[in-house]
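Down below is the structure, laid out as structure tokens.
The values are calculated or read from the model by the stated rules, or taken from the named source; none is laboratory data. If you're wondering where the values come from, they're calculated on a predicted model, not measured in any experiment. Backbone-built Cβ (ideal geometry, glycine too); neighbour counts: all protein chains shown.
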């Protein structure tokens, strides 16, 4: 029965191969202008070296939390969309209720000012 | 039909004081008008109980369900548990009801002037306690009995704690915890008995007269009796469990001491007579030697300790333990004469010790001390007071012609038939009682004055109180026959002699 | 195209939950759209909503409807517990406004959160599927974590919220693992099906996976009902949380934990009764003893009541050990009366304490008896009821629970319980000693009693006294409620 896993094996080979190829060819062909900043291990605006107890602004957490909340809810839409026709009106109504509840949360968050950065 | 049977007179006896509490609410802060209301209610109770006594011959008497009872009442209360509101009045309860009504009148009178603060609360607590104690003496349903048994504790807790002196908080908590500890185990025993009965007969009941028919294996009986015995022995109090009593008595206000000594201790002995022995006869018999021993130790130990006391109130408290020891011996003998003696002794002790606590309270109000060493030569100073003091001291040591003699005499006579050794040892106790009482009288009344204490003699109110006590004491001492008749029938029934 | 056939779903069993959820969302929006300031009207609306839900729940008494293919049920058991939750929530809402105003944390989110907690608890009581019960538990817990830390300006409240969250999440792990193992052993999460599968096993007590599942689920619930040795969070959380929320937590979620535990143990795993009752025996004894003995030494009254609440969970566990009709009905009765007396006691604590949760010591009750006689009398009734003195509801409850234990032959358990409640009298008396027998140490202004608080106190006093004097009608309900399980 292992034959059934062949496509997966192929996928893994292609994925790993593509990744390897890009790394190898870009290091071979690409121009290199090395600077200290570029060589630092992580470059999203944070100091790479320093105290680990550095404080983040609470706003990041808030945004991250809200993102996860609404993002996860979107996941539920996929299976519904796939089965949309089979579920019929019932599904539409249920999903409508779901969205309304989500919307209540959205309004609450908005009015509370959680979406404003400043 | 007697007029008394047309009304639920037993319920009225219990709930009249509670109704009196409601009457007190409008005059909560007005001492002058609250006191007469409370006293009026107490007098009404007394009148009711005396009326019951006077017309006892006309009451329905022996009924099929409750043999030996003069009056009874029965109604469902918590049907899902089989708890009923069953009350019954027989000779023993009638005597106790009279004692209760009388003692509360006296206690209210003696605290007439001494309770100056929070009078409304004080009177409410007194009346609630009266209701609770009446209930204890009348209840024939074990769950109902337990209810009243606990209810009477609560007012006493507050009374000692709020109006007491000395280490009042320590004493009142100790008192409460001791009693609570015993009674909770009794509750468990009650539940167990109830379930056992339900298992055997299919009838869920807490009624005493149904539970009497439960078949109990010997070891179960022993355990259950032990639980009941513990609860009652703490109230009694018997020797190793007595330590709450001297503290509570000493630190309680006078009215509290009177009620404690006069009534609360009696609930222990009453419970043993009414519930403990009849429910578990074999176990009771098996434990009789232990009971005798504890009672004897109580008598002798308490008398010895009483001799060493400096504080008059504490001395009387210890003397209470000793006197209750005789009650205990009479019950342990479980023999008609001794048991009658015990019951009579319960009433006598209530009267005598109540009066003595009143006397000490009066002295305390005047001199603000209860140290024996502070007094002396009162006989010449305040003769009326001294007269009563001497009278009740003599009653307490069992002078023939006064109340305590009858009870103690009967107890010892009855016990002599069953176990002469115990009776002989108990006589030693009487001698010891004599010694400490004579010492008290000698030091306080007749010795030379140790320090000049300008003391006023008794007021009219105080004379009334003491005269009432004295009248009862003399009556019980000279002519106890009617009271003995009263308890004769139930005692015969209890001890298995038949009617 | 073939349509997926949608099963006919009977919404009746979860109507109260739906109603309360909608109400909570409406309140959430009302709160953000109304100008800042007084939030009292939210309390009033919640109270009316809770009352209306109670009517809705009450109308379902006597019914027996299974719905969502056996995941949710409407039966008397659920109805009785839902009434307890609504009662606890209603009383909490009444006492919250004044307190939150005083502590300057009167955020409108409080009321929706309370309502969501109730929704969660209701799901726990009516859930007949492990997943439904878990869902309810999570809805309840997540809302409670926030409520415990609701007073953001108070460090202790923050601590309470965080501690409750961490230990709550930890216990949820146990619970979920237990549920997973049970599913693994039986192949279903429906409690009734578990019962039949376990019933058909040849030797269920030798099925390690099932036993482990049961054990882990019991551990999870033991955390929620604060049974020793899983009680460590309780004192800190109860002390730190805003007092009305402490009152709520001690009455509602504890009852909810018992509801779910009863449902799972008695409906799904009755075949293993010998096993779980032995475990619970130990748990009950530990819980009672640890709670009472530790409470003896507490000066902070909230902490004292926290330990006392641990002890009370122990008493209720005695009924579960018995596992018979009397014992389980006793739990229902006890939880109901406990809600009255405990929330009442916390209401008095709110009135005695001052801003910033100061004045929370037993000593601060000194002199209350004569300065505020009515409050003191109410407190006395609550304390006597907690101590189990007749004629209060607490007495009848303990009477019921211990009767159940004696009936099943657990005499020693009953003896230990009784001795424990004798010991507990001491710390309740201590409060009374301060109220009536000590003079106040300092003069301070007493908090005014507002109308909602007064109403809550009246309800609590009535609820602590009336079932003690005429318990029959509530006992009937409780007995009816456990008949089906």
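Return yes when residue C:95 is out of contact with any helix residue (DSSP H, G or I) (no Cβ under 8 Å at 6 or more places or on another chain) and assigned to a helix (DSSP H, G or I) and no when it is not. Reasoning before the result, please.
Numbers: out of contact with any helix residue (DSSP H, G or I) (no Cβ under 8 Å at 6 or more places or on another chain): no; assigned to a helix (DSSP H, G or I): yes.
Judged against the criteria, residue C:95 is not a match.
With the condition being under 17 Å from residue C:219 (Cα atoms), I'd like the helices (runs of 4 or more DSSP H) fully within segment C:126-203 carrying at least 3 qualifying residues.
Working: elements: C:130-148, C:155-186, C:191-200.
Here the list reads C:130-148, C:155-186.
Failed condition for residue C:439, given (1) part of a helix (DSSP H, G or I); (2) within 13 Å of another protein chain (Cβ to nearest Cβ); (3) in contact (Cβ under 8 Å) with a residue 40 or more places away in the chain, with all others met?
If we test residue C:439 against (1) part of a helix (DSSP H, G or I); (2) within 13 Å of another protein chain (Cβ to nearest Cβ); (3) in contact (Cβ under 8 Å) with a residue 40 or more places away in the chain, just (1) comes out false.
How about segment B:371-401: which of its residues are buried (at least 19 other Cβ atoms within 10 Å of the Cβ) and without any contact (Cβ under 8 Å) to a residue 60 or more places away in the chain?
Of everything in segment B:371-401, those that are buried (at least 19 other Cβ atoms within 10 Å of the Cβ) and without any contact (Cβ under 8 Å) to a residue 60 or more places away in the chain turn out to be B:386, B:389, B:393, B:394, B:397, B:398.
Given the criteria away from every other protein chain (no Cβ under 14 Å) and surrounded by 10 or more Cβ atoms within 10 Å (Cβ to Cβ), does residue A:107 qualify?
Taking the combined requirement at face value, the residue does not satisfy it.
Could you please find all residues in segment A:66-104 being over 29 Å from residue C:4 (Cα atoms) and either at the interface with another protein chain (Cβ under 10 Å from one of its Cβ atoms) or modelled with pLDDT of 90 or more (or both)?
Within segment A:66-104, A:104 is the sole residue that qualifies.
Restricting attention to segment C:412-425, report how many residues are surrounded by fewer than 19 Cβ atoms within 10 Å (Cβ to Cβ) and within 7 Å of another protein chain (Cβ to nearest Cβ).
Result for segment C:412-425: 1.
Inspect segment B:65-72 for any residue being in a strand (DSSP E or B) and modelled with pLDDT under 85 and give the result as yes or no. Don't jump to the end; show me each part of the working.
Taking segment B:65-72 as the starting set, the residues that turn out to be in a strand (DSSP E or B) are B:71-72.
In the following step, the residues that additionally are modelled with pLDDT under 85 were identified as B:71-72.
The answer is yes; a qualifying residue exists.
Answer yes if at least one residue in segment C:361-373 is more than 11 Å from chain B (Cβ to nearest Cβ) and under 20 Å from the mean Cα position of the chain (by Cα), and no otherwise. Break it down stepwise before answering.
From segment C:361-373, those more than 11 Å from chain B (Cβ to nearest Cβ) are C:361-368, C:371-372; that's our starting set.
From what is left, the residues that are under 20 Å from the mean Cα position of the chain (by Cα) are none.
No, every residue in segment C:361-373 fails to be more than 11 Å from chain B (Cβ to nearest Cβ) and under 20 Å from the mean Cα position of the chain (by Cα).
I'd like the residue in segment C:8-20 that is more than 10 Å from chain A (Cβ to nearest Cβ) and in a loop (DSSP other than H, G, I, E, B) and, out of all such residues, is nearest to residue C:53 (Cα to Cα).
So, considering only residues that are more than 10 Å from chain A (Cβ to nearest Cβ) and in a loop (DSSP other than H, G, I, E, B), the one nearest to residue C:53 (Cα to Cα) is C:11.
I need the full set of residues from segment C:21-37 which are more than 16 Å from residue C:89 (Cβ to Cβ), more than 10 Å from chain A (Cβ to nearest Cβ) and in a helix (DSSP H, G or I), in order please.
Of everything in segment C:21-37, just one residue is more than 16 Å from residue C:89 (Cβ to Cβ), more than 10 Å from chain A (Cβ to nearest Cβ) and in a helix (DSSP H, G or I), namely C:30.
Quick test for you: out of C:145, C:177, pick the one residue that is over 22 Å from the mean Cα position of the chain (by Cα) and either free of Cβ contacts under 8 Å to residues at least 24 places away in the same chain or surrounded by fewer than 24 Cβ atoms within 10 Å (Cβ to Cβ) (or both).
Details: C:145 fails: over 22 Å from the mean Cα position of the chain (by Cα).
Every option except C:177 fails the conditions.
Which condition breaks for residue C:47 when tested against (1) more than 14 Å from every other protein chain (Cβ to nearest Cβ); (2) in a loop (DSSP other than H, G, I, E, B)?
Here residue C:47 meets the rest and fails (2).
Test of understanding: among A:61, A:84, which residue is closer than 30 Å to residue C:26 by Cβ, without any contact (Cβ under 8 Å) to a residue 12 or more places away in the chain and touching a helix residue (DSSP H, G or I) at 6+ places or on another chain (Cβ under 7 Å)?
On the way: A:61 fails: touching a helix residue (DSSP H, G or I) at 6+ places or on another chain (Cβ under 7 Å).
Only one candidate passes the filter, namely A:84.
Name the residue, out of C:401, C:429, that is in contact with a helix residue (DSSP H, G or I) (Cβ under 8 Å, 6 or more places away or on another chain), at the interface with chain B (Cβ under 8 Å from one of its Cβ atoms), surrounded by 18 or more Cβ atoms within 10 Å (Cβ to Cβ) and on the phi < 0 side of the Ramachandran plot. Write out each step before concluding.
Working: C:401 fails: at the interface with chain B (Cβ under 8 Å from one of its Cβ atoms).
None of the other options fit; the residue is C:429.
Starting from segment C:217-237, take each residue that is touching a residue at least 40 places away in the same chain (Cβ under 8 Å) and on the phi > 0 side of the Ramachandran plot and list its partners that are in a helix (DSSP H, G or I) and crowded, with 24+ Cβ neighbours inside 10 Å, counting only C-beta distances under 7 angstrom and pairs at least six apart or across chains.
C:226/C:234; C:226/C:254; C:226/C:309; C:226/C:310; C:226/C:313
Return a yes/no flag: does segment A:42-49 have any residue that is within 30 Å of residue C:3 (Cα to Cα), away from every other protein chain (no Cβ under 11 Å) and in contact with a helix residue (DSSP H, G or I) (Cβ under 9 Å, 6 or more places away or on another chain). Working first, answer last.
Within segment A:42-49, the subset within 30 Å of residue C:3 (Cα to Cα) is none.
No, because not a single residue in segment A:42-49 is within 30 Å of residue C:3 (Cα to Cα), away from every other protein chain (no Cβ under 11 Å) and in contact with a helix residue (DSSP H, G or I) (Cβ under 9 Å, 6 or more places away or on another chain).
So which residues in segment B:134-157 are part of a helix (DSSP H, G or I), in contact (Cβ under 8 Å) with a residue 60 or more places away in the chain and more than 10 Å from chain C (Cβ to nearest Cβ), if there are any at all?
Of everything in segment B:134-157, those that are part of a helix (DSSP H, G or I), in contact (Cβ under 8 Å) with a residue 60 or more places away in the chain and more than 10 Å from chain C (Cβ to nearest Cβ) turn out to be B:134, B:135, B:136, B:137, B:138, B:142, B:145, B:156.
Out of curiosity, is residue C:449 within 25 Å of residue B:120 (Cα to Cα), part of a helix (DSSP H, G or I) and away from chain B (no Cβ under 14 Å)? Reasoning before the result, please.
Working: within 25 Å of residue B:120 (Cα to Cα): yes; part of a helix (DSSP H, G or I): no; away from chain B (no Cβ under 14 Å): yes.
So residue C:449 does not fit the description; no.
Which of the residues belonging to segment B:179-204 are surrounded by fewer than 21 Cβ atoms within 10 Å (Cβ to Cβ) and in contact (Cβ under 8 Å) with a residue 60 or more places away in the chain?
Across segment B:179-204, the qualifying residues are B:198, B:203, B:204.
Look at residue C:475 and say whether it is part of a helix (DSSP H, G or I), closer than 30 Å to residue C:47 by Cα and at the interface with chain B (Cβ under 7 Å from one of its Cβ atoms).
Working: part of a helix (DSSP H, G or I): yes; closer than 30 Å to residue C:47 by Cα: yes; at the interface with chain B (Cβ under 7 Å from one of its Cβ atoms): yes.
Considered against the rule, which asks whether it is part of a helix (DSSP H, G or I), closer than 30 Å to residue C:47 by Cα and at the interface with chain B (Cβ under 7 Å from one of its Cβ atoms), residue C:475 comes out as yes.
Looking at the structure I just gave you, is residue B:128 in contact (Cβ under 8 Å) with a residue 40 or more places away in the chain and within 10 Å of another protein chain (Cβ to nearest Cβ)?
Values: in contact (Cβ under 8 Å) with a residue 40 or more places away in the chain: yes; within 10 Å of another protein chain (Cβ to nearest Cβ): no.
Considered against the rule, which asks whether it is in contact (Cβ under 8 Å) with a residue 40 or more places away in the chain and within 10 Å of another protein chain (Cβ to nearest Cβ), residue B:128 comes out as no.
Kindly establish whether residue B:261 is at the interface with another protein chain (Cβ under 10 Å from one of its Cβ atoms) and assigned to a helix (DSSP H, G or I).
Values: at the interface with another protein chain (Cβ under 10 Å from one of its Cβ atoms): no; assigned to a helix (DSSP H, G or I): yes.
For residue B:261, the condition - at the interface with another protein chain (Cβ under 10 Å from one of its Cβ atoms) and assigned to a helix (DSSP H, G or I) - is not met.
Only one of (1) more than 30 Å from residue B:71 (Cα to Cα); (2) modelled with pLDDT under 85; (3) within 27 Å of the chain's Cα centre (by Cα) is not met by residue B:36, so which one is it?
(2)
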